[in-house]
Amino acid sequence: MSNRYFIKLAYNGTNYHGWQSQSNAVTVQDTIKSALNTLLKQEIRLTGAGRTDTGVHAKVFYAHFDSEHSPGFFYKNSIVFKLNCILPGDIAIYSILPVKERAHARYDAISRTYQYIIEQEKNPFAQNLVYFYKGELDFLIMKKATKKLFNYGDFTSFSKTNTQVNNNICEIIDAKWFNNTSQWIFEITANRFLRGMVRAIVGTLIEVGKKRLTTDDFVKIIESHDRQKAGYAVPGCGLYLTNISYPSHIFL
């Protein structure tokens with residue numbers, strides 16, 4: 001009998017070409033899958049909660065897999081501990097949780113939260129972990145523009161093209177800026193995100209902060225449904241997936 005499990009983990013994405021398995025590239029998915037195969041002595045199919053791009057980090061990430069082993073096996077054999085011993089230091093496994101047989105790490109997610117970190121001072125300990133930006137930014141105006149996101153649902157203007165999704169509709173639950181010493185952090189929660197969406201939103205808001213775009217321009221960009229009109233995509237190194245919410249009833 002097969003049992004389904006959620007695996008809760010985190011990773012520093014600097015050394016990976018994103019989560020999603022790719023040929024001729026090192027990915028988080030393949031790295032964890034290989035470790036699971038070794039410990040469980042079976043071929044595991046690992047399905048992630050989504051896909052992160054090259055260099056993007058996850059403080060919280062979930063994936064699911066099926067195994068013939070019972071929940072007791074994972075506890076008795078300290079599988080989480082052993083996984084962490086096998087895996088490189090930039091991937092951490094927090095827990096393996098039994099779930100209902102049809103629970104899905106991607107499709108059952110209620111919401112996801114991302115943070116994007118902008119660092120405005122030189123910091124040798126934050127290399128590849130933040131986006132260094134030394135120019136002046138008017139965060140008061142950027143905050144005002146950010147509030148406009150709540151008025152819309154179609155975010156085609158901030159999506160990569162040819163992504164093979166059915167629609168570009170997202171419900172923004174929360175979006176805000178806050179600062180921590182020399183860092184400014186953009187935090188956004190939605191029921192779903194389009195590919196490249198957060199990085200494109202931040203890049204466009206930076207253009208607002210540089211006063212190259214007005215708040216009205218930002219609104220027009222959203223309404224245009226045209227990626228070419230939006231700002232550049234900021235580097236992946238500053239982006240973190242920080243939370244994924246699921247309905248409690250899927251967990252056993």
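The values are calculated or read from the model by the stated rules, or taken from the named source; none is laboratory data. As the structure is a computational prediction, the values presented were derived from the model and not from experiment. As a convention, Cβ positions derive from the backbone with ideal geometry for all residues, glycine included, and neighbour counts pool all protein chains shown.
The set of residues in segment 194-252 that are in contact with a strand residue (DSSP E or B) (Cβ under 8 Å, 6 or more places away or on another chain), assigned to a loop (DSSP other than H, G, I, E, B) and under 21 Å from Ala63 (Cβ atoms) comprises Tyr246, Leu252. Taking every residue in segment 8-37 that is closer than 15 Å to Thr54 by Cβ and part of a helix (DSSP H, G or I) and pairing it with any residue that is of a type in the set (Phe, Trp, Tyr) and modelled with pLDDT of 95 or more, at least 6 positions away or on another chain, the pairs with Cβ-Cβ distances below 7 Å are Val28/Tyr11; Val28/Tyr16; Val28/Trp19; Gln29/Trp19. Output yes when any residue across segment 154-168 is farther than 30 Å from His64 by Cβ, in a helix (DSSP H, G or I) and either of a type in the set (A, V, I, L, M, F, W, C) or in contact (Cβ under 8 Å) with a residue 12 or more places away in the chain (or both), and no when none is. Looking for residues that are farther than 30 Å from His64 by Cβ, in a helix (DSSP H, G or I) and either of a type in the set (A, V, I, L, M, F, W, C) or in contact (Cβ under 8 Å) with a residue 12 or more places away in the chain (or both), one finds at least one in segment 154-168, hence yes.
So that you can scan it fast, the table gives a plain yes or no per residue for (1) polar (S, T, N, Q); (2) under 21 Å from Gln20 (Cβ atoms):
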position: Phe158; (1), (2): no, yes
position: Thr161; (1), (2): yes, yes
position: Gly203; (1), (2): no, no
position: Thr215; (1), (2): yes, no
position: Ile221; (1), (2): no, no
position: Pro235; (1), (2): no, yes
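Residues in segment 43-87 that are more than 16 Å from Ser21 (Cβ to Cβ) and exposed (fewer than 14 other Cβ atoms within 10 Å of the Cβ): Glu68, Ser70, Gly72, Phe73, Tyr75, Lys76, Asn77, Ser78, Phe81, Cys85. Taking every residue in segment 69-86 that is in contact (Cβ under 8 Å) with a residue 40 or more places away in the chain and pairing it with any residue that is part of a helix (DSSP H, G or I) and not aliphatic (A, V, I, L, M), at least 6 positions away or on another chain, the pairs with Cβ-Cβ distances below 7 Å are Ile86/Thr38.
Every condition in (1) over 18 Å from Gly209 (Cα atoms); (2) part of a helix (DSSP H, G or I); (3) touching a helix residue (DSSP H, G or I) at 6+ places or on another chain (Cβ under 7 Å) holds for Ser95 except the one numbered (2).
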